[in-house]
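To start, the structure itself, in C-alpha coordinates.
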Amino acid sequence: MIRFHNTLSGREEEFLPLVPGEVRVYTCGPTVYNVPHIGNFRAYVFEDLLLRFLRFSGYKTIQVMNLTDVDDKTIRDARTAGLSLREYTAPFIESFFAGLKTLRIHPADHYPRATEHIPDMVRIIKGLLDKGVAYRKEGSIYFDISKFPSYGRLSGIDVEALRTTSRIGARLETDEYEKESARDFALWKAPKEGEPFWETEIGPGRPGWHIECSAMSAAFLGPTFDIHCGGVDNIFPHHENEIAQSEAYFEKPFVRYWLHCHHLIVDGEKMSKSKGNVYSLDDLVETRRVDPSVLRMFLISTHYRKVLNFTFEALDQAAAALKRITDFVYELEHRAFPDAGSGLAGPLIAEADAEFRDGLGDDLNVSSALTALYDLIRKANSLIREEKIGADEARALRSFVSQVDDVLAVLPERREEEVSAAVREKIEARELARKAKNWAEADRLRRELLEAGIVLEDTKDGIRWKIAPRKESS
RNA sequence: GGCGCGGUACCCAAGUGGCAAGGGAGAGGUCUGCAAAACCUCGAUUCGCCGGUUCGAAUCCGGCCCGCGCCUCCA
(Lines give C-alpha, C1' and ligand atoms only; values in the text may rest on other atoms or scores of the structure.)
Protein backbone atom coordinates (compact mmCIF):
# COMPACT_ATOMS: atom_id res chain seq x y z
CA MET A 1 0.00 0.00 0.00
CA ILE A 2 1.18 3.49 -0.78
CA ARG A 3 0.38 6.36 1.52
CA PHE A 4 1.05 10.05 1.05
CA HIS A 5 0.66 13.01 3.30
CA ASN A 6 -2.02 15.13 1.69
CA THR A 7 -1.81 18.84 2.50
CA LEU A 8 -5.54 19.08 1.86
CA SER A 9 -6.41 16.85 4.80
CA GLY A 10 -3.25 17.43 6.77
CA ARG A 11 -2.69 13.72 7.19
CA GLU A 12 -1.48 10.59 5.49
CA GLU A 13 -3.94 8.93 3.18
CA GLU A 14 -3.87 5.77 1.14
CA PHE A 15 -2.97 6.64 -2.42
CA LEU A 16 -5.35 5.39 -5.09
CA PRO A 17 -5.20 7.01 -8.52
CA LEU A 18 -8.29 8.16 -10.33
CA VAL A 19 -7.63 5.75 -13.19
CA PRO A 20 -6.27 2.43 -11.94
CA GLY A 21 -2.66 1.88 -12.94
CA GLU A 22 -2.11 5.44 -14.07
CA VAL A 23 -1.02 8.51 -12.16
CA ARG A 24 -1.33 12.05 -13.41
CA VAL A 25 1.01 14.52 -11.79
CA TYR A 26 1.46 18.25 -12.09
CA THR A 27 4.65 19.66 -10.64
CA CYS A 28 5.24 23.36 -10.27
CA GLY A 29 8.27 24.27 -12.33
CA PRO A 30 10.69 27.16 -12.43
CA THR A 31 10.07 30.82 -13.03
CA VAL A 32 12.80 31.33 -15.56
CA TYR A 33 14.04 34.80 -14.70
CA ASN A 34 17.18 33.54 -13.03
CA VAL A 35 19.50 30.54 -12.69
CA PRO A 36 17.81 27.95 -10.48
CA HIS A 37 19.45 27.33 -7.09
CA ILE A 38 19.86 24.08 -5.17
CA GLY A 39 16.72 24.82 -3.17
CA ASN A 40 14.73 24.74 -6.39
CA PHE A 41 16.41 21.51 -7.28
CA ARG A 42 15.51 19.98 -3.96
CA ALA A 43 11.89 20.23 -5.03
CA TYR A 44 12.58 18.77 -8.46
CA VAL A 45 14.59 15.91 -6.98
CA PHE A 46 11.78 15.16 -4.54
CA GLU A 47 9.30 15.11 -7.40
CA ASP A 48 11.62 12.88 -9.39
CA LEU A 49 11.85 10.45 -6.50
CA LEU A 50 8.07 10.43 -6.26
CA LEU A 51 7.62 9.75 -9.97
CA ARG A 52 10.33 7.11 -10.04
CA PHE A 53 8.79 5.36 -7.07
CA LEU A 54 5.35 5.39 -8.66
CA ARG A 55 6.77 3.79 -11.80
CA PHE A 56 8.75 1.33 -9.66
CA SER A 57 5.44 0.41 -8.06
CA GLY A 58 3.99 -0.42 -11.43
CA TYR A 59 2.13 2.75 -12.29
CA LYS A 60 2.22 4.48 -15.60
CA THR A 61 2.85 8.15 -14.95
CA ILE A 62 2.08 11.32 -16.82
CA GLN A 63 3.96 14.30 -15.50
CA VAL A 64 3.60 17.92 -16.47
CA MET A 65 5.97 20.62 -15.32
CA ASN A 66 5.30 24.21 -16.25
CA LEU A 67 7.84 26.85 -17.18
CA THR A 68 6.71 30.26 -16.00
CA ASP A 69 8.16 32.54 -18.62
CA VAL A 70 6.03 35.59 -17.97
CA ASP A 71 5.62 37.26 -14.58
CA ASP A 72 6.53 40.57 -12.93
CA LYS A 73 10.15 39.72 -12.27
CA THR A 74 10.72 38.23 -15.68
CA ILE A 75 9.24 41.28 -17.34
CA ARG A 76 11.19 43.63 -15.14
CA ASP A 77 14.54 41.91 -15.72
CA ALA A 78 13.99 41.35 -19.43
CA ARG A 79 13.24 45.01 -19.75
CA THR A 80 16.37 45.99 -17.88
CA ALA A 81 18.37 43.73 -20.16
CA GLY A 82 16.63 45.17 -23.20
CA LEU A 83 15.57 41.75 -24.41
CA SER A 84 12.29 40.12 -25.37
CA LEU A 85 10.82 37.67 -22.87
CA ARG A 86 11.83 34.81 -25.08
CA GLU A 87 15.42 35.97 -25.50
CA TYR A 88 15.75 36.78 -21.84
CA THR A 89 14.43 33.48 -20.51
CA ALA A 90 16.23 31.19 -22.99
CA PRO A 91 19.51 30.81 -21.08
CA PHE A 92 17.69 30.18 -17.80
CA ILE A 93 15.55 27.55 -19.38
CA GLU A 94 18.70 25.97 -20.73
CA SER A 95 20.31 26.10 -17.30
CA PHE A 96 17.24 24.50 -15.77
CA PHE A 97 17.29 21.57 -18.18
CA ALA A 98 21.04 21.16 -17.79
CA GLY A 99 20.50 20.93 -14.04
CA LEU A 100 17.87 18.24 -14.45
CA LYS A 101 20.33 16.22 -16.43
CA THR A 102 23.14 16.72 -13.95
CA LEU A 103 20.99 15.52 -11.08
CA ARG A 104 19.57 12.68 -13.14
CA ILE A 105 16.04 13.94 -12.86
CA HIS A 106 13.92 12.00 -15.29
CA PRO A 107 12.29 14.39 -17.78
CA ALA A 108 8.60 15.16 -17.39
CA ASP A 109 6.30 14.25 -20.26
CA HIS A 110 5.42 17.87 -20.94
CA TYR A 111 7.06 21.22 -20.18
CA PRO A 112 4.42 23.74 -21.23
CA ARG A 113 5.33 27.41 -21.21
CA ALA A 114 2.92 29.98 -19.89
CA THR A 115 3.35 32.18 -22.95
CA GLU A 116 2.24 29.34 -25.19
CA HIS A 117 -1.05 28.75 -23.39
CA ILE A 118 -2.55 32.21 -23.27
CA PRO A 119 -5.71 31.08 -25.16
CA ASP A 120 -6.32 28.30 -22.61
CA MET A 121 -6.07 30.84 -19.81
CA VAL A 122 -8.32 33.33 -21.58
CA ARG A 123 -10.99 30.65 -21.99
CA ILE A 124 -11.03 29.97 -18.26
CA ILE A 125 -11.01 33.64 -17.31
CA LYS A 126 -13.87 34.30 -19.67
CA GLY A 127 -15.80 31.43 -18.17
CA LEU A 128 -15.20 32.77 -14.68
CA LEU A 129 -16.47 36.19 -15.77
CA ASP A 130 -19.57 34.56 -17.26
CA LYS A 131 -20.21 32.68 -14.05
CA GLY A 132 -19.93 35.89 -12.06
CA VAL A 133 -17.04 34.76 -9.85
CA ALA A 134 -14.62 37.15 -11.51
CA TYR A 135 -14.96 40.89 -12.09
CA ARG A 136 -13.26 43.60 -14.09
CA LYS A 137 -11.60 46.58 -12.49
CA GLU A 138 -9.67 49.17 -14.46
CA GLY A 139 -8.72 46.80 -17.25
CA SER A 140 -7.70 43.97 -14.95
CA ILE A 141 -9.76 40.93 -14.00
CA TYR A 142 -9.91 39.62 -10.46
CA PHE A 143 -11.21 36.45 -8.87
CA ASP A 144 -13.80 37.15 -6.18
CA ILE A 145 -12.89 34.82 -3.34
CA SER A 146 -16.16 35.51 -1.56
CA LYS A 147 -17.82 33.52 -4.36
CA PHE A 148 -15.80 30.44 -3.54
CA PRO A 149 -16.91 29.20 -0.12
CA SER A 150 -14.14 26.66 0.44
CA TYR A 151 -11.42 29.23 -0.20
CA GLY A 152 -8.69 28.72 2.36
CA ARG A 153 -9.20 25.01 2.77
CA LEU A 154 -5.78 23.96 1.53
CA SER A 155 -3.76 26.43 3.55
CA GLY A 156 -6.04 26.54 6.58
CA ILE A 157 -6.27 30.28 6.26
CA ASP A 158 -9.24 32.07 7.69
CA VAL A 159 -10.67 34.16 4.87
CA GLU A 160 -12.27 36.66 7.20
CA ALA A 161 -8.99 37.29 8.95
CA LEU A 162 -7.32 37.50 5.59
CA ARG A 163 -9.70 40.12 4.39
CA THR A 164 -8.85 42.58 7.12
CA THR A 165 -5.47 41.48 8.28
CA SER A 166 -2.03 41.41 6.81
CA ARG A 167 0.93 40.25 8.85
CA ILE A 168 1.72 41.06 12.46
CA GLY A 169 -1.83 41.96 13.13
CA ALA A 170 -1.69 45.16 11.11
CA ARG A 171 -5.12 46.10 9.89
CA LEU A 172 -5.64 46.98 6.29
CA GLU A 173 -8.08 49.53 5.11
CA THR A 174 -9.73 47.42 2.47
CA ASP A 175 -11.50 50.47 1.10
CA GLU A 176 -8.26 51.75 -0.31
CA TYR A 177 -7.89 48.83 -2.66
CA GLU A 178 -8.91 48.77 -6.26
CA LYS A 179 -9.85 45.17 -5.78
CA GLU A 180 -13.12 44.71 -3.99
CA SER A 181 -11.44 42.64 -1.32
CA ALA A 182 -7.82 42.94 -0.32
CA ARG A 183 -7.23 39.28 -1.07
CA ASP A 184 -9.01 38.89 -4.35
CA PHE A 185 -6.32 37.95 -6.78
CA ALA A 186 -5.55 38.90 -10.36
CA LEU A 187 -6.50 36.57 -13.18
CA TRP A 188 -5.58 39.05 -15.87
CA LYS A 189 -3.51 42.18 -15.59
CA ALA A 190 -4.14 45.31 -17.61
CA PRO A 191 -1.29 46.25 -19.94
CA LYS A 192 1.26 48.70 -18.68
CA GLU A 193 3.34 51.08 -20.72
CA GLY A 194 6.34 49.30 -22.22
CA GLU A 195 5.38 45.85 -21.00
CA PRO A 196 4.44 42.89 -23.15
CA PHE A 197 0.74 42.12 -23.51
CA TRP A 198 -1.59 39.93 -25.54
CA GLU A 199 -4.66 41.07 -27.50
CA THR A 200 -7.43 38.67 -26.53
CA GLU A 201 -11.20 38.48 -26.43
CA ILE A 202 -11.18 39.46 -22.76
CA GLY A 203 -9.14 42.52 -23.68
CA PRO A 204 -5.44 43.32 -23.87
CA GLY A 205 -3.18 42.31 -21.00
CA ARG A 206 -1.18 39.49 -19.54
CA PRO A 207 -2.03 36.59 -17.25
CA GLY A 208 -1.86 36.66 -13.48
CA TRP A 209 0.51 34.17 -11.96
CA HIS A 210 -1.89 31.48 -10.84
CA ILE A 211 -3.99 31.01 -13.92
CA GLU A 212 -1.28 29.34 -15.99
CA CYS A 213 -1.23 26.26 -13.76
CA SER A 214 -5.00 25.89 -13.86
CA ALA A 215 -4.98 26.18 -17.63
CA MET A 216 -2.00 24.00 -18.40
CA SER A 217 -2.80 21.23 -15.94
CA ALA A 218 -6.28 20.94 -17.44
CA ALA A 219 -4.87 20.97 -20.96
CA PHE A 220 -2.62 17.98 -20.32
CA LEU A 221 -4.16 16.15 -17.39
CA GLY A 222 -7.83 17.05 -17.44
CA PRO A 223 -9.84 19.07 -14.90
CA THR A 224 -9.27 16.49 -12.17
CA PHE A 225 -5.96 14.76 -11.65
CA ASP A 226 -4.11 12.82 -8.99
CA ILE A 227 -1.12 14.65 -7.59
CA HIS A 228 0.06 18.23 -7.51
CA CYS A 229 3.47 19.02 -6.05
CA GLY A 230 5.42 22.10 -5.17
CA GLY A 231 7.27 23.80 -2.37
CA VAL A 232 5.50 24.70 0.86
CA ASP A 233 5.70 28.37 -0.01
CA ASN A 234 3.28 27.69 -2.84
CA ILE A 235 0.50 26.44 -0.61
CA PHE A 236 -0.63 29.99 -0.09
CA PRO A 237 -1.50 31.83 -2.16
CA HIS A 238 -0.56 30.02 -5.36
CA HIS A 239 -2.15 26.62 -4.89
CA GLU A 240 -5.08 27.98 -2.95
CA ASN A 241 -5.82 30.22 -5.90
CA GLU A 242 -5.40 27.45 -8.43
CA ILE A 243 -8.02 25.42 -6.62
CA ALA A 244 -10.40 28.35 -6.59
CA GLN A 245 -10.00 29.06 -10.31
CA SER A 246 -10.11 25.48 -11.49
CA GLU A 247 -12.97 24.31 -9.34
CA ALA A 248 -15.03 27.40 -9.94
CA TYR A 249 -14.57 27.01 -13.68
CA PHE A 250 -14.79 23.24 -14.17
CA GLU A 251 -17.11 22.60 -11.23
CA LYS A 252 -15.17 19.44 -10.51
CA PRO A 253 -12.61 18.54 -7.86
CA PHE A 254 -9.22 19.81 -8.98
CA VAL A 255 -6.43 17.82 -7.31
CA ARG A 256 -6.80 14.69 -5.23
CA TYR A 257 -3.44 14.67 -3.42
CA TRP A 258 -1.34 17.73 -2.69
CA LEU A 259 2.28 17.00 -1.81
CA HIS A 260 4.48 19.85 -0.68
CA CYS A 261 8.16 19.67 0.03
CA HIS A 262 9.85 21.81 2.60
CA HIS A 263 12.65 24.23 1.99
CA LEU A 264 16.35 23.82 1.87
CA ILE A 265 18.29 26.14 4.14
CA VAL A 266 22.02 26.75 4.23
CA ASP A 267 24.02 26.58 7.46
CA GLY A 268 20.77 26.78 9.39
CA GLU A 269 19.62 29.92 7.62
CA LYS A 270 17.34 30.74 4.78
CA MET A 271 19.13 31.17 1.50
CA SER A 272 19.20 34.77 0.48
CA LYS A 273 21.27 36.93 -1.76
CA SER A 274 22.07 39.33 1.06
CA LYS A 275 23.61 36.52 3.10
CA GLY A 276 25.54 35.36 0.06
CA ASN A 277 24.59 31.75 0.69
CA VAL A 278 22.62 31.04 -2.46
CA TYR A 279 24.18 28.18 -4.39
CA SER A 280 23.44 27.29 -7.96
CA LEU A 281 24.17 23.85 -9.27
CA ASP A 282 27.19 25.20 -11.14
CA ASP A 283 28.56 26.77 -7.96
CA LEU A 284 28.75 23.31 -6.48
CA VAL A 285 29.32 20.99 -9.40
CA GLU A 286 31.54 23.12 -11.60
CA THR A 287 33.24 25.51 -9.22
CA ARG A 288 33.58 23.30 -6.17
CA ARG A 289 33.74 19.99 -7.99
CA VAL A 290 31.00 18.37 -5.94
CA ASP A 291 30.06 15.01 -7.40
CA PRO A 292 26.47 15.29 -8.72
CA SER A 293 25.70 11.84 -7.33
CA VAL A 294 26.74 13.00 -3.90
CA LEU A 295 24.56 16.07 -4.22
CA ARG A 296 21.60 13.97 -5.26
CA MET A 297 22.24 11.59 -2.38
CA PHE A 298 22.24 14.56 -0.03
CA LEU A 299 19.06 16.05 -1.48
CA ILE A 300 17.24 12.75 -1.39
CA SER A 301 18.18 11.50 2.03
CA THR A 302 16.15 13.85 4.17
CA HIS A 303 12.41 13.34 4.15
CA TYR A 304 10.74 15.77 1.77
CA ARG A 305 8.50 17.34 4.40
CA LYS A 306 11.38 18.32 6.62
CA VAL A 307 13.63 21.30 6.32
CA LEU A 308 16.88 20.24 4.73
CA ASN A 309 19.98 21.95 6.05
CA PHE A 310 22.72 22.26 3.48
CA THR A 311 26.26 22.29 4.81
CA PHE A 312 29.49 21.03 3.32
CA GLU A 313 29.81 18.65 6.24
CA ALA A 314 26.42 17.17 5.40
CA LEU A 315 27.65 16.77 1.85
CA ASP A 316 30.67 14.84 3.11
CA GLN A 317 28.38 12.57 5.10
CA ALA A 318 26.25 11.96 2.06
CA ALA A 319 29.40 11.08 0.15
CA ALA A 320 30.42 8.59 2.83
CA ALA A 321 26.98 7.00 2.85
CA LEU A 322 26.98 6.74 -0.91
CA LYS A 323 30.44 5.25 -0.89
CA ARG A 324 29.15 2.40 1.19
CA ILE A 325 26.81 1.52 -1.66
CA THR A 326 29.28 2.05 -4.47
CA ASP A 327 31.94 -0.03 -2.71
CA PHE A 328 29.43 -2.83 -2.36
CA VAL A 329 28.66 -2.67 -6.07
CA TYR A 330 32.37 -2.60 -6.83
CA GLU A 331 32.85 -5.72 -4.74
CA LEU A 332 30.03 -7.51 -6.55
CA GLU A 333 31.50 -6.63 -9.91
CA HIS A 334 35.19 -7.26 -9.26
CA ARG A 335 35.46 -10.13 -6.86
CA ALA A 336 35.89 -13.72 -7.91
CA PHE A 337 32.89 -15.58 -6.53
CA PRO A 338 32.62 -19.34 -6.05
CA ASP A 339 30.37 -21.21 -8.48
CA ALA A 340 27.99 -22.42 -5.83
CA GLY A 341 26.40 -20.16 -3.27
CA SER A 342 24.62 -20.86 -0.02
CA GLY A 343 21.13 -19.98 -1.21
CA LEU A 344 20.98 -17.25 1.42
CA ALA A 345 21.08 -14.33 -1.00
CA GLY A 346 17.55 -14.87 -2.29
CA PRO A 347 15.78 -14.41 1.04
CA LEU A 348 18.04 -11.49 1.81
CA ILE A 349 16.99 -9.76 -1.38
CA ALA A 350 13.32 -10.55 -0.85
CA GLU A 351 13.45 -9.04 2.61
CA ALA A 352 15.28 -5.92 1.49
CA ASP A 353 12.92 -5.49 -1.43
CA ALA A 354 9.85 -5.61 0.79
CA GLU A 355 11.35 -3.17 3.28
CA PHE A 356 12.44 -0.83 0.55
CA ARG A 357 8.95 -0.73 -0.96
CA ASP A 358 7.28 -0.36 2.42
CA GLY A 359 9.62 2.45 3.34
CA LEU A 360 9.00 4.51 0.25
CA GLY A 361 5.33 3.57 0.27
CA ASP A 362 5.07 5.23 3.65
CA ASP A 363 4.99 8.81 2.38
CA LEU A 364 8.40 8.40 0.75
CA ASN A 365 10.25 7.49 3.92
CA VAL A 366 13.70 7.39 2.37
CA SER A 367 15.41 6.67 5.66
CA SER A 368 13.54 3.40 6.01
CA ALA A 369 14.18 2.53 2.39
CA LEU A 370 17.89 3.21 2.74
CA THR A 371 18.01 1.17 5.92
CA ALA A 372 16.68 -1.77 3.93
CA LEU A 373 19.54 -1.33 1.50
CA TYR A 374 22.22 -0.90 4.17
CA ASP A 375 20.99 -3.95 6.04
CA LEU A 376 21.25 -5.96 2.86
CA ILE A 377 24.75 -4.66 2.23
CA ARG A 378 25.96 -5.53 5.71
CA LYS A 379 24.49 -9.01 5.63
CA ALA A 380 25.65 -9.70 2.10
CA ASN A 381 29.18 -8.46 2.83
CA SER A 382 29.24 -10.79 5.76
CA LEU A 383 28.27 -13.72 3.53
CA ILE A 384 30.77 -12.67 0.88
CA ARG A 385 33.47 -12.74 3.50
CA GLU A 386 32.49 -16.28 4.37
CA GLU A 387 32.58 -17.27 0.68
CA LYS A 388 28.86 -18.05 0.83
CA ILE A 389 27.82 -15.93 -2.10
CA GLY A 390 27.98 -17.69 -5.46
CA ALA A 391 28.47 -16.05 -8.83
CA ASP A 392 24.75 -16.21 -9.63
CA GLU A 393 23.89 -14.76 -6.27
CA ALA A 394 26.36 -11.93 -6.77
CA ARG A 395 24.63 -11.15 -10.04
CA ALA A 396 21.24 -11.23 -8.34
CA LEU A 397 22.48 -8.84 -5.65
CA ARG A 398 23.90 -6.52 -8.28
CA SER A 399 20.63 -6.60 -10.13
CA PHE A 400 18.71 -5.76 -6.98
CA VAL A 401 20.90 -2.76 -6.31
CA SER A 402 20.25 -1.62 -9.86
CA GLN A 403 16.51 -1.85 -9.34
CA VAL A 404 16.75 0.13 -6.15
CA ASP A 405 18.84 2.68 -7.99
CA ASP A 406 16.18 3.01 -10.65
CA VAL A 407 14.32 4.83 -7.90
CA LEU A 408 17.13 6.55 -6.02
CA ALA A 409 19.35 7.25 -9.03
CA VAL A 410 22.34 7.93 -6.82
CA LEU A 411 24.91 5.51 -8.18
CA PRO A 412 27.40 7.47 -10.23
CA GLU A 413 27.24 7.06 -13.97
CA ARG A 414 29.44 4.18 -14.92
CA ARG A 415 32.77 5.87 -15.37
CA GLU A 416 35.03 4.72 -18.08
CA GLU A 417 37.46 2.69 -16.07
CA GLU A 418 40.33 3.69 -18.19
CA VAL A 419 43.19 5.78 -17.09
CA SER A 420 46.12 7.28 -18.85
CA ALA A 421 49.11 5.15 -19.78
CA ALA A 422 51.14 7.08 -17.23
CA VAL A 423 48.80 6.08 -14.42
CA ARG A 424 48.78 2.51 -15.60
CA GLU A 425 52.58 2.45 -15.61
CA LYS A 426 52.64 3.89 -12.15
CA ILE A 427 50.31 1.19 -10.90
CA GLU A 428 52.59 -1.44 -12.39
CA ALA A 429 55.70 0.20 -10.99
CA ARG A 430 54.09 0.22 -7.59
CA GLU A 431 53.25 -3.46 -7.94
CA LEU A 432 56.88 -4.25 -8.78
CA ALA A 433 58.11 -2.25 -5.81
CA ARG A 434 55.67 -4.04 -3.60
CA LYS A 435 56.73 -7.45 -4.82
CA ALA A 436 60.33 -6.46 -4.16
CA LYS A 437 59.15 -5.48 -0.68
CA ASN A 438 60.39 -1.98 -1.33
CA TRP A 439 57.66 -0.57 0.89
CA ALA A 440 58.85 3.02 0.90
CA GLU A 441 58.76 3.24 -2.88
CA ALA A 442 55.46 1.33 -3.09
CA ASP A 443 53.82 3.64 -0.55
CA ARG A 444 55.18 6.71 -2.27
CA LEU A 445 53.67 5.64 -5.58
CA ARG A 446 50.42 4.74 -3.91
CA ARG A 447 50.24 8.19 -2.37
CA GLU A 448 50.88 9.80 -5.73
CA LEU A 449 48.13 7.79 -7.31
CA LEU A 450 45.74 8.69 -4.53
CA GLU A 451 46.39 12.35 -5.18
CA ALA A 452 45.52 11.67 -8.79
CA GLY A 453 42.24 10.17 -7.59
CA ILE A 454 43.16 6.49 -7.91
CA VAL A 455 42.60 4.27 -4.89
CA LEU A 456 44.59 1.04 -4.79
CA GLU A 457 43.47 -2.06 -2.96
CA ASP A 458 45.69 -5.05 -2.43
CA THR A 459 43.55 -8.15 -2.15
CA LYS A 460 44.51 -11.75 -1.91
CA ASP A 461 43.36 -12.10 -5.52
CA GLY A 462 45.77 -9.36 -6.57
CA ILE A 463 45.89 -5.62 -6.97
CA ARG A 464 42.82 -3.67 -7.97
CA TRP A 465 42.08 0.00 -8.19
CA LYS A 466 39.14 2.33 -8.35
CA ILE A 467 38.55 5.95 -9.11
CA ALA A 468 37.92 7.95 -5.96
CA PRO A 469 34.71 9.99 -5.82
CA ARG A 470 35.21 13.64 -6.50
CA LYS A 471 35.68 15.65 -3.38
CA GLU A 472 34.59 19.25 -3.25
CA SER A 473 37.13 21.97 -2.88
CA SER A 474 36.47 25.44 -1.67
C1' G B 1 -0.79 38.10 15.36
C1' G B 2 -2.37 33.66 12.10
C1' C B 3 -0.94 28.94 9.80
C1' G B 4 2.78 25.16 9.75
C1' C B 5 7.43 22.23 10.48
C1' G B 6 10.97 20.64 13.86
C1' G B 7 13.94 19.73 18.83
C1' U B 8 16.08 11.56 19.44
C1' A B 9 23.97 9.79 20.76
C1' C B 10 29.60 13.85 18.56
C1' C B 11 27.00 14.79 13.41
C1' C B 12 22.87 13.25 10.06
C1' A B 13 18.43 10.59 10.90
C1' A B 14 14.12 6.53 11.41
C1' G B 15 10.72 5.19 15.01
C1' U B 16 4.52 8.01 16.99
C1' G B 17 1.76 3.23 23.29
C1' G B 18 5.40 -2.38 24.83
C1' C B 19 13.01 -3.99 25.59
C1' A B 20 15.73 3.30 21.20
C1' A B 21 16.52 1.43 13.16
C1' G B 22 20.28 2.91 9.86
C1' G B 23 24.54 5.93 8.00
C1' G B 24 28.85 8.90 9.21
C1' A B 25 32.54 10.04 12.75
C1' G B 26 35.06 7.69 17.23
C1' A B 27 37.32 3.45 20.32
C1' G B 28 38.97 -1.70 20.32
C1' G B 29 39.67 -6.21 17.41
C1' U B 30 40.14 -9.68 12.76
C1' C B 31 42.52 -9.38 7.91
C1' U B 32 46.96 -6.69 5.71
C1' G B 33 54.14 -5.40 4.93
C1' C B 34 51.39 -0.95 5.92
C1' A B 35 46.97 0.70 3.93
C1' A B 36 42.16 0.40 1.50
C1' A B 37 37.74 -2.41 1.53
C1' A B 38 35.12 -5.80 4.57
C1' C B 39 33.56 -8.15 9.08
C1' C B 40 33.03 -8.34 14.63
C1' U B 41 32.60 -5.64 19.35
C1' C B 42 31.69 -1.00 22.12
C1' G B 43 28.67 3.42 22.21
C1' A B 44 21.70 7.27 24.05
C1' U B 45 19.23 3.35 31.43
C1' U B 46 17.43 7.67 27.35
C1' C B 47 14.30 10.75 23.19
C1' G B 48 14.01 19.99 24.60
C1' C B 49 11.74 20.97 29.81
C1' C B 50 7.68 20.27 33.51
C1' G B 51 3.25 17.97 34.86
C1' G B 52 -0.73 14.30 33.68
C1' U B 53 -3.13 9.65 31.55
C1' U B 54 -1.50 4.35 31.52
C1' C B 55 0.57 -1.94 34.09
C1' G B 56 3.72 0.53 30.45
C1' A B 57 5.11 6.97 26.81
C1' A B 58 10.29 9.33 22.65
C1' U B 59 5.31 7.95 21.14
C1' C B 60 -1.24 10.16 23.99
C1' C B 61 -3.02 14.88 26.83
C1' G B 62 -1.88 19.88 29.06
C1' G B 63 1.61 23.74 29.86
C1' C B 64 6.36 25.89 28.88
C1' C B 65 11.23 26.79 26.39
C1' C B 66 14.11 26.87 21.86
C1' G B 67 15.09 26.74 16.34
C1' C B 68 12.97 27.39 11.53
C1' G B 69 9.45 28.32 7.49
C1' C B 70 5.12 30.64 5.24
C1' C B 71 1.50 34.60 5.57
C1' U B 72 5.56 39.69 0.04
C1' C B 73 4.29 36.36 -7.91
C1' C B 74 10.77 32.66 -3.32
C1' A B 75 10.78 25.39 -4.62
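The values are calculated or read from the model by the stated rules, or taken from the named source; none is laboratory data. Because the structure is predicted, anything quoted here is derived from the model rather than measured. With ideal geometry, Cβ positions are generated from the backbone for all residues, glycine too; neighbour counts draw on all protein chains shown. To get the accessible areas, we keep the full protein, side chains included, count just its heavy atoms, and leave off ligands, DNA and RNA. Shrake-Rupley method; radii C 1.70, N 1.55, O 1.52, S 1.80 Å.
For segment A:9-48 versus segment A:69-106, the inter-centroid distance based on Cα atoms is 20 Å. Largest to smallest in accessible area, the residues A:Trp465, A:Trp188, A:Trp439 fall in the order A:Trp439, A:Trp465, A:Trp188 (1.4 Å probe, all protein chains included).
Taking GluC sites (Glu not before Pro) across segment A:220-270, the ones in a DSSP loop with at most 14 further Cβ atoms lying within 10 angstrom of their Cβ are A:Glu251.
What net charge is computed for the residues neighbouring A:Trp209, neighbours being all others with C-beta under 11 Å from the C-beta of A:Trp209, Lys and Arg scored +1, Asp and Glu -1? Summing Lys and Arg as +1 and Asp and Glu as -1 gives -1. Here the dipole of chain A is about 720 debye; that uses its Cα centre as origin and unit charges on the Cβ of Lys and Arg (positive) and Asp and Glu (negative). Computed over segment A:421-467, relative contact order equals 26 percent, with contacts defined as Cα pairs under 8 Å that lie 6+ residues apart. Between A:Ala219 and A:Ala429, the simple spin-label model (points 7 angstrom out along Cα→Cβ) gives 6.3 nm.
Under 20 Å of direct C-alpha separation, and excluding same-chain neighbours fewer than eight residues apart, A:Lys426 reaches these lysines: A:Lys435, A:Lys437, A:Lys466. Note on A:Thr459: accessible area is roughly 50 Å² with a 1.4 Å probe, heavy atoms of protein only. Solvent-accessible surface (1.4 Å probe) assigned to A:Thr115 amounts to roughly 30 Å². Summarising the amide proton neighbourhood of A:Phe185: residues at separation of 5 or more, or on other chains, whose placed amide H is nearer than 5 Å comprise A:Phe143, A:Ile145. Extending 7 Å from Cα along the Cβ direction at A:Lys147 and again at A:Glu333 yields two label points whose distance is 6.1 nm.
If you keep only loop residues by DSSP, which trypsin sites (Lys or Arg not before Pro) in segment A:347-438 have at most 12 other Cβ atoms within 10 Å of their Cβ? Walk me through the numbers before you get to the answer.
Values: sites: A:Arg357, A:Arg378, A:Lys379, A:Arg385, A:Lys388, A:Arg395, A:Arg398, A:Arg414, A:Arg415, A:Arg424, A:Lys426, A:Arg430, A:Arg434, A:Lys435, A:Lys437; in loops: A:Lys388, A:Arg414, A:Arg415, A:Lys437.
Here the trypsin sites (Lys or Arg not before Pro) that fit, given the DSSP loop and packing criteria, are A:Arg414, A:Arg415, A:Lys437.
Our summary gives chain A a relative contact order of 16 percent, counting only alpha carbon pairs under 8 angstrom and 6 or more residues apart.
With a simple spin-label model that places each label point 7 Å from the Cα along the Cα-to-Cβ direction, the separation between A:Arg76 and A:Lys60 comes to 4.5 nm.
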